[in-house]
Amino acid sequence: MKISLKERIFIADAFKKAQGEKAVVAGWIHSIRIVGGVAFIVLRDRTGLIQCVVKKDQNQEGYNLAKDLGSEDVVAIKGTLKESKSSLGGKEINIEAMEVISRSEKPVPIDPEDWEKTNLATRLDWRFLDLRATRNRLIFEITDAAINAMRDFYRNNGFIEVFTPKIVAEATEGGAEVFPVVYFDRYAYLAQSPQLYKQMMVVAGFERVFEVGPVYRAEKHHTNRHLTEYESVDIEMGFIEDHEDVMKMVEKAVIHTIQAVSQRFGKEIEQYFKIRLDSPKDVPRITFREAHKLLDEHGVKQPDPNDIDSEGEKALGDIVEKEYGSQLFYVTEYPWVKRPFYTMRKENDADYTKSFDLIYRGMEIVSGSQREHRADILEKQIREKGLKVENFNFFIKVFRYGAPPHGGSGLGLERLVAQMLGIKNIREARLLPRDPERLTP
């Protein structure tokens with residue numbers, strides 16, 4: 001029987017109907033079992049699950065059709081709502097008509113809801129099936145809520161959303177960790193960051209800008225925290241006193257986002273991820289040198305005296321949570337040797353910078369700084385980094401015609417979501433992740 005999908009409602013809305021009311025639902029067969037002359041179908045759509053029942057002695061045609069169905073087949077069902085204490089949500093649908101829209105090949109390569117028993121690489125090979133699992137789809141509903149909350153925050157604080165080029169003539173950060181692309185008769189690169197352009201927009205008079213967009217890093221990392229393509233939330237703001245002004249803005253944005261996600265999805269996060277999403281209240285500041293001292297005191301050795309590695313970040317997360325009672329904190333004043341050429345150095349200590357990383361539950365999620373806005377010093381710093389000044393003339397000239405003191409940051413969206421949910425591998429927080437080995441699907 002043909003069922004009009006114009007009448008279709010979400011499963012969550014079907015539960016709002018009273019006993020005896022009609023409903024049309026459609027989705028994927030989550031499970032099916034035949035007991036005697038009764039077929040029990042659990043149907044799934046993006047809003048939930050509902051049990052649908054057809055009895056042989058009441059609907060022979062529907063019962064015969066149900067017996068031939070299997071998991072992940074797509075069907076439309078029309079029926080009457082009935083109270084049922086033994087059913088999901090206390091209600092079920094008594095099937096009056098059913099249409100098979102699409103059949104799934106058998107066997108289904110992976111069982112979406114049994115995701116824990118399937119290795120991540122296989123799940124990613126069958127990502128469209130993997131995302132049918134309630135828990136896995138929830139990650140991206142939370143991502144949607146997080147980015148909307150962040151956009152709202154920045155707009156409400158005077159920022160304008162901009163969209164900068166992702167095909168660029170020169171590596172943004174310098175260095176060789178870029179993806180070259182053929183651009184007509186010459187090579188170009190996929191942008192590592194919108195950094196130079198967002199600074200340009202501040203100097204252009206926008207004063208406060210933000211951008212949500214992909215960035216590309218040709219780094220052969222094989223870790224649970226790196227991707228070659230990820231979504232970055234970048235901001236830049238002018239007329240600042242120093243990097244602390246940027247830090248205050250960023251922490252408010254992150255806290256606002258965590259609160260928004262917690263308010264909307266707190267119960268689901270506890271149910272599916274077994275983690276309580278607490279909103280940080282205080283965000284301590286620890287200088288880079290203080291951070292190294294804390295790590296030394298706790299026996300966590302760092303191989304590079306000018307950096308903090310992932311193990312160091314994890315250890316700092318535990319130390320700060322125990323000593324300061326916060327899962328969110330800043331490490332500030334990183335060494336100049338580890339920061340990009342556009343970072344402003346400390347006036348009285350040029351070996352260190354007006355920079356910061358925001359660490360959440362033991363992982364860096366934001367990196368930022370006050371920028372150097374004086375053209376002559378920019379030229380000097382470009383040379384210090386071993387780069388060619390002429391390659392950055394388009395950028396340097398921006399600062400020759402009146403540039404305010406400014407600063408900004410970049411936040412890794414996948415890292416924020418992964419840390420909120422306690423996800424161990426960042427690939428789970430990217431819809432279709434890219435890493436040194438994976439280019440499909």
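Annotations
Residue-by-condition table, conditions (1) exposed (fewer than 15 other Cβ atoms within 10 Å of the Cβ); (2) touching a helix residue (DSSP H, G or I) at 6+ places or on another chain (Cβ under 6 Å); (3) over 21 Å from L129 (Cβ atoms); (4) among the acidic types (D, E):
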| residue | (1), (2), (3), (4) |
| --- | --- |
| Q19 | yes, no, yes, no |
| K22 | yes, no, yes, no |
| G27 | no, no, no, no |
| H30 | no, no, no, no |
| V35 | yes, no, yes, no |
| V42 | no, no, no, no |
| T47 | no, yes, no, no |
| Q51 | no, yes, yes, no |
| K56 | no, yes, yes, no |
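- The number of residues in region 1-17 that are closer than 17 Å to I101 by Cα and either over 33 Å from the mean Cα position of the chain (by Cα) or open to solvent by 50 Å² or more (accessible area, probe 1.4 Å) (or both) comes to 9.
- Residue match in region 377-395 (condition: open to solvent by less than 10 Å² (accessible area, probe 1.4 Å), in contact (Cβ under 8 Å) with a residue 24 or more places away in the chain, assigned to a loop (DSSP other than H, G, I, E, B) and not β-branched (V, I, T)): no
- Among the residues of region 303-327, the ones that are within 21 Å of V337 (Cβ to Cβ), part of a helix (DSSP H, G or I) and in contact (Cβ under 8 Å) with a residue 24 or more places away in the chain come to 3 in all.
- Region 411-426, residues that are under 15 Å from P214 (Cα atoms) and either touching a Phe, Trp or Tyr at 6+ places or on another chain (Cβ under 6 Å) or open to solvent by 20 Å² or more (accessible area, probe 1.4 Å) (or both): G412, E414, R415
- For beta carbons closer than 6 Å, sequence separation of 6+ or different chains, a first residue in region 225-253 that is closer than 21 Å to V203 by Cβ and in a helix (DSSP H, G or I) and a second that is open to solvent by 10 Å² or more (accessible area, probe 1.4 Å) and charged (D, E, K, R), the qualifying pairs are H243/K354.
- Among residues of region 131-150, those that are of a type outside the set (S, T, N, Q), part of a helix (DSSP H, G or I) and surrounded by fewer than 21 Cβ atoms within 10 Å (Cβ to Cβ), counted: 9
The values are calculated or read from the model by the stated rules, or taken from the named source; none is laboratory data. What you see is a predicted model; the values in this text were computed from it and never measured. When we count neighbours, we look across all protein chains shown, and the Cβ atoms used for this are built from the backbone with ideal geometry, even at glycine. Protein only, heavy atoms only, side chains kept; ligands, DNA and RNA dropped before computing areas. Shrake-Rupley method; radii C 1.70, N 1.55, O 1.52, S 1.80 Å.
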